[in-house]
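Engineer: Attaching a single structure in structure tokens format; questions to follow.
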Amino acid sequence: MTKKPKLSIGLIGSGFMGKAHVFGFATAQKVFDLPMQIDLHTAADITDEAAARAAHA
């Protein structure tokens with residue numbers, strides 16, 4: 001098995017759509033043969049605390 005290159009992504013906003021996108025990123029790797037491995041690298045939100053909560057979750 002060949003190791004795929006990593007694609008680091010960032011998420012802006014951790015509300016409903018942010019959660020939907022994170023679910024989509026995680027699921028896509030299991031459903032499709034993507035050319036890259038997706039890595040959720042950074043989460044940003046309206047406050048640092050909200051971003052930290054989202055990153056931890």
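Engineer: Taking region 20-57 only, how many residues are modelled with pLDDT of 90 or more and of a type in the set (K, R)?
Structural biologist: Here the count works out to 1.
Engineer: Suppose we keep only residues that are outside any helix (DSSP H, G or I) and acidic (D, E) within region 1-48. Which one would you say is most open to solvent (accessible area, probe 1.4 Å)?
Structural biologist: Result: D33.
The values are calculated or read from the model by the stated rules, or taken from the named source; none is laboratory data. Values in this document were obtained by computation on a predicted structure and should not be read as measured data. Areas reflect the complete protein model, heavy atoms only, side chains present, ligands, DNA and RNA absent. Shrake-Rupley method; radii C 1.70, N 1.55, O 1.52, S 1.80 Å.
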